[in-house]
1. Across segment 237-264, which residue is surrounded by the most Cβ atoms within 10 Å (Cβ to Cβ) among those that are over 23 Å from PRO351 (Cβ atoms) and of a type in the set (Gly, Ala, Ser)?
2. What's the total number of residues in segment 37-52 that are surrounded by fewer than 17 Cβ atoms within 10 Å (Cβ to Cβ) and touching a residue at least 12 places away in the same chain (Cβ under 8 Å)?
3. Which is basic (Lys, Arg) and over 19 Å from SER90 (Cβ atoms), of ARG225, ARG276?
4. Quick one: in segment 112-166, of everything that is of a type in the set (Gly, Ala, Ser) and not in a loop (DSSP other than H, G, I, E, B), which residue is surrounded by the fewest Cβ atoms within 10 Å (Cβ to Cβ)?
5. Right, LEU372: in contact (Cβ under 8 Å) with a residue 24 or more places away in the chain, open to solvent by less than 10 Å² (accessible area, probe 1.4 Å) and in a helix (DSSP H, G or I) or not?
6. Does segment 78-88 contain any residue that is more than 30 Å from PRO229 (Cβ to Cβ) and among the acidic types (Asp, Glu)?
7. If SER14 satisfies every condition in (1) surrounded by 17 or more Cβ atoms within 10 Å (Cβ to Cβ); (2) out of contact with any Ser or Thr (no Cβ under 6 Å at 6 or more places or on another chain); (3) more than 15 Å from ALA207 (Cα to Cα) but one, which is the exception?
8. Given the criteria of a type in the set (D, E, K, R) and open to solvent by less than 20 Å² (accessible area, probe 1.4 Å), does ASP79 qualify?
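The values are calculated or read from the model by the stated rules, or taken from the named source; none is laboratory data. Please read all numbers here as calculations on a predicted model, not as lab measurements. Positions of Cβ are generated from backbone atoms using ideal geometry, with glycine treated the same way; all protein chains shown enter the neighbour counts. The area values use the complete protein model at the heavy-atom level, side chains included, leaving out ligands, DNA and RNA. Shrake-Rupley method; radii C 1.70, N 1.55, O 1.52, S 1.80 Å.
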Amino acid sequence: MPADLLPADGRFGSGPSKVRPEQVDALARAGRTLLGTSHRQRPVKDVVRRVREGLAALFALPEGYEVVLGNGGSTAFWDAATCGLVRRRSQHLVLGEFSAKFAQAAAAAPFLAGPAVVRGEPGTLPALGPVADDVDVVAWPHNETSTGVMAPVRRPGGVPPAADGGPLVLVDATSGAGGLPVDVAQTDAYYFAPQKSFAADGGLWLALLSPAAVERAAELAATGRWIPPSLSLATALANSRQDQTYNTPAVATLVLLAEQVEWLLAQGGLDWAVRRTADSAARLYSWAEEREWATPFVADPAARSAVVGTVDLDASVDAQAVRAVLRAHGVVDVDPYRSLGRNQLRVGMFPAVDPEDVTALTRCVDLVVERLRAR
């Protein structure tokens, strides 16, 4: 493959995602003083403060909302929310592998009633449906990483906000936060991990919690319900207010995260990031629509993700062979989600990814397909 055809950076993973070289340089500098030191001392707490203040600015946090963080990634937050935000019963919109996991956690909890679950076929975005009268949490993903489906973030129609007695709205933004538009006021917990748009390593969860969510966490903590300290949102909140985590965090992740948040703010904030991912997505999907052997997996253009693009290839094109050739040339991690089992490319288009590199990727795929078909 000609070198001038290749992307300047060939990393298109949907998580872990591309880490900018400038972040790595910042980590090298921080490593001389921060790595291997106490996370409860001022130098590391200052990094956590940078993260919390930066996210508050990036998302224009509404009055009373708080940035809370803890260890374990979004998987741990599902468990923490099951223990500390669902009072009795939840309702879930399941769009794929990851949104199903929160519903499964709620279903397994012995102290909760079985959740109401609305399921969509992979690649589709069904309506959440009427919210059941007896649920006190409704949950769905902003972006389903496994399928490339993007869902709007707005409180269900006809349902009062949580402050007025309605259910809490919990939105899994693991792959959407920082790359998709959002009005955080439409949620009570907008939560995510740092290995997607924020270009850091995993192992951390972050949540933007409304006053109603903070109140619910305190309420349930006071009931005597068994909540392990590592999953206690009340404990996470108390530590976050001190710019620390309950357990020892990965300081490297915090440094990478702080650098990425500040870079996004310097570029123009969330509006800039959304324009950049939309540009990348437009290039990928228009390319797919123009090829007779490629099709966007998500049929509804309004539901196609701007940060995780999924493109099906015709049965006459071996997607695995295409991916193997790309990887041999340094263009990596465009594999479909493992459980889908589709002849597909999945492309991470987070803000760190240059839209020009997305265009270069499509040209590379064109060449590989042409050569494979000529064999």
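1. In this case the residue turns out to be SER240.
2. Our first condition is that a residue be surrounded by fewer than 17 Cβ atoms within 10 Å (Cβ to Cβ); within segment 37-52, this holds for 37-38, 40-43, 45-46, 49.
Still in the list and also touching a residue at least 12 places away in the same chain (Cβ under 8 Å): 37, 40, 45-46, 49.
Result for segment 37-52: 5.
3. Of ARG225, ARG276, the one residue that is basic (Lys, Arg) and over 19 Å from SER90 (Cβ atoms) is ARG276.
4. Among those that are of a type in the set (Gly, Ala, Ser) and not in a loop (DSSP other than H, G, I, E, B), it is ALA163.
5. no
6. No; the residues of segment 78-88 include none that is more than 30 Å from PRO229 (Cβ to Cβ) and among the acidic types (Asp, Glu).
7. Among (1) surrounded by 17 or more Cβ atoms within 10 Å (Cβ to Cβ); (2) out of contact with any Ser or Thr (no Cβ under 6 Å at 6 or more places or on another chain); (3) more than 15 Å from ALA207 (Cα to Cα), SER14 violates only (2).
8. No, not satisfied.
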